[in-house]
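Below: one structure, written as structure tokens.
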Amino acid sequence: MQTTKMSLTDTLGLGFMTFAFFLGAGNLIFPPFAGMLAGENMSFAMLGFLITAVGMPLIGLIAVAKANGKVMALLPAFAATALAVAIYIIIGPAFAAPRTGLVAFEIGARPFISNPDAVMMLAGKEFNIAQLIYTLVFFSIVMFLSLFPGKLLDNVGKVLTPILILLLVSLASSVIILPGFEVNQPVGEYINSPLTKGIIEGYNTMDTLASLMFGMLIIDLLRKKGVNDTTDQTKYLVRAAFIAAGGLAFVYVSLFYLGASAGDFAIGAENGGQILTNYVTHHFGSIGTLMLSTVVTLACLTTAVGLVTACAEFFNELMPKLSYKLLVVLLSAICATVANVGLSQLISVSIPVLMTIYPVAIALVLVTFLTERFVRPAFSHRVILSVALFFGIFDGLQTAGMDMSFLDFMPLHAEGMAWLLPTALTAMVCLFLPKKRLSAA
């Protein structure tokens, strides 16, 4: 089959598009807040955050490329489908996609609305009028852009992302050039365990889960561009992954430093979005607020388009009777509905779920690289992921407020990473399993 070779411009466009897909709501609101809380321990907290918010997504994309989009091929069909559905629902209509609309409203629109908290009664429930209208418009635009996936590389990679990168570079440069306040003392869990706390904070970006989706989406986009050779698909996806990882690391480091040196800008702040808004408004006035609004809106919009597109592609393959375009409309409508639950409520519900599913996603990425070293790869995949899920459930329940003190003897249980050691030990054991004996004829 004839295959198309991508130009340097197309490859850069693919990398920029991948970066834009990842750079969404959580990527902008969590690093400044974590930097503020970590204070003098910012370096360790930032390292932990980079491990799960940059390193794991990068490895995830490479794993998808290595497996040619079939990272769950060695799992039983039911288990693979259930895991995929769970990941797509979490990263799509349940949490990540609606969060993009909410953060875009909070940072990108609220500062310009005279009465942003006005409410109205609808079906016996109170709704924020401005938020309701904004999220409906936001997800209508997402729906329109997602209806034409073949144009994603051109619309997002070559048009929206360069504008986004230019604005982010301007913001990051100001953090370096303009004088900041003295770095504060660390607080809370950042005092004694900044590294593991940073790792857990990196979960909130949901980017390791997203990497499994975006990797398959990019392979599909490459096919639509005529790149049919699997070796070429892997090569271009890996290049895009490194471009995206470099961009994300640049953004996170600057935002962490902004939060750590925020000083008076962070007084009373409940999230990183407020720190960002206060910082930009102080230094750049209304022009700065407009710039930040544009950055956040573009970042959230491109991520939402990637999430809705990937979810629609997946559920279309799972349920062919539902057309791709119908699924885009349905998913966009669900996202707009869920977005009006409220940002704080959405984040509080999502964290226990992420603590449960994230260990499985990380384990899945890692075993993909070990597949060729396993004597019994299918058995090893199933056992390792089962162990990660089993202990991940306990971490999720603990985060939800349930008493899991009977597991206090386990290393890293207090930090919410009880799954790590058992999963690693299981993987080591699987590397040395004997070959399965053949039964006598």
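The values are calculated or read from the model by the stated rules, or taken from the named source; none is laboratory data. The structure presented is a predicted model; accordingly, all values stated were derived computationally and were not measured. Here the Cβ is made from the backbone with ideal geometry for all residues, glycine too, and neighbour counts use every protein chain on show. Keep in mind that these areas ignore ligands, DNA and RNA; they rest on the heavy atoms of the full protein, side chains included. Shrake-Rupley method; radii C 1.70, N 1.55, O 1.52, S 1.80 Å.
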- Note on the structure: By the Kirkwood definition, with r running over pairs of different Cα atoms, region 128-284 has a hydrodynamic radius in Å of 18.9
- Under a 5 Å amide H to amide H cut-off, with H placed in plane at 1.01 Å, what residues pair with Val119 once short-range neighbours are removed? Ile129
- Message: Per residue, how much accessible surface does region 374-429 expose to a 1.4 Å probe? Answer in Å², no decimals.
- Response: 50
- Item | Subset of Lys66/Lys224; Lys70/Lys435; Lys5/Lys70; Lys197/Lys435; Lys66/Lys197; Lys70/Lys325 violating a 28 Å alpha-carbon distance limit | Lys197/Lys435; Lys66/Lys197
- Item | trypsin sites (Lys or Arg not before Pro) within region 1-76, DSSP loop, no more than 14 other Cβ atoms inside 10 Å | Lys5, Lys70
- Could you point to the label whose value was computed as Cα extents along the principal axes in Å for the structure here, given (1) 81, 55, 50; (2) 74, 61, 45; (3) 66, 54, 41? (1)
- Note on the structure: With +1 on the Cβ of every Lys and Arg and -1 on the Cβ of every Asp and Glu, the dipole magnitude of the chain about its Cα centre, in debye rounded to the nearest 20, is 1760
- Message: Could you tell me how far the Cα centroid of region 211-258 sits from the Cα centroid of region 302-341, in Å?
- Response: 21
- Compute the FRET efficiency between Leu326 and Phe432 as 1/(1 + (r/R0)^6), taking r as their Cβ-Cβ distance and R0 = 60 Å, and round to the nearest 0.05. 0.75
- Item | Length added when fully stretched, Ala82-Thr231, from 0.36 nm per residue minus Cα-Cα | 50.7 nm
- Accessible area per residue of region 203-320 at 1.4 Å probe, in Å²? 33
- Item | Peptides ranked, highest mean first, by Cβ atoms within 10 Å: ranges 46-53, 281-288 | 46-53, 281-288
- On a C-alpha basis, how far is the centre of region 352-404 from the centre of region 169-188 in Å? Whole number, if you could? 36
- Note on the structure: Using alpha-carbon positions, the gyration tensor of region 304-381 gives root eigenvalues a ≥ b ≥ c; with a/c under 1.5 called rounded, otherwise prolate if a/b exceeds b/c, else oblate, the class is oblate
- Item | Which of Ser254, Ser193, Leu237, positive extreme of dipole for region 159-302 (C-beta unit charges) | Leu237
- Could you tell me which helices of the chain pass both thresholds, a Cα extent of 30 Å or more along their own axis and a mean Kyte-Doolittle hydropathy of at least 1.6, with helices taken as whole DSSP H runs? 343-370
- Note on the structure: Across Cys311, Cys300, Cys430, the residue with the highest GNM fluctuation in the chain (Cα network, 10 Å cutoff) is Cys430
- Message: At a threshold of 8 angstrom on Cα-Cα distance, excluding pairs fewer than six apart, so keeping six or more, what relative contact order does the chain reach in percent?
- Response: 32
- Query: Say we join alpha carbon atoms closer than 10 Å with springs in a Gaussian network model of the chain; which of Phe315, Phe256, Phe242 then has the biggest fluctuation?
  - Reply: Phe315
- Task: Between Val387, Val353, Val375, find the one with the highest GNM mean-square fluctuation for the chain; connect C-alpha pairs within less than 10 Å.
- Result: Val375
- Item | Modelled FRET efficiency - R0 25 Å, Phe112 with Glu270, Cβ distances, 0.05 increments | 0.80
- Item | Environment charge at Ala418 (Cβ cut-off 10 Å; Lys +1, Arg +1, Asp -1, Glu -1) | -3
- Query: Which FRET efficiency value, to the nearest 0.05, do you get for Met121 and Ile89 by plugging their Cβ-Cβ distance into 1/(1 + (r/R0)^6) with R0 = 35 Å?
  - Reply: 0.70
- Message: Highest mean first, how do 209-219, 166-176 rank when packing is the count of other Cβ atoms within 10 Å averaged over residues?
- Response: 209-219, 166-176
- Determine the calculated [θ] at 222 nm for the chain from helices alone, applying -39500 (n - 2.57) to every DSSP H run no shorter than 4 residues and normalising by the residue count; nearest 500 deg cm²/dmol. -22500 deg cm²/dmol
- Everything considered on the Cα gyration tensor (a ≥ b ≥ c; rounded for a/c under 1.5, else prolate if a/b is larger than b/c, else oblate), region 64-214 must be described as rounded
- A 1.4 Å probe over the protein heavy atoms gives the chain a carbon and sulfur accessible-area percentage of 68
- Query: What number, in percent, do you get for the relative contact order of region 250-352 if the mean sequence gap of Cα pairs under 8 Å and at least 6 apart is divided by its residue count?
  - Reply: 12
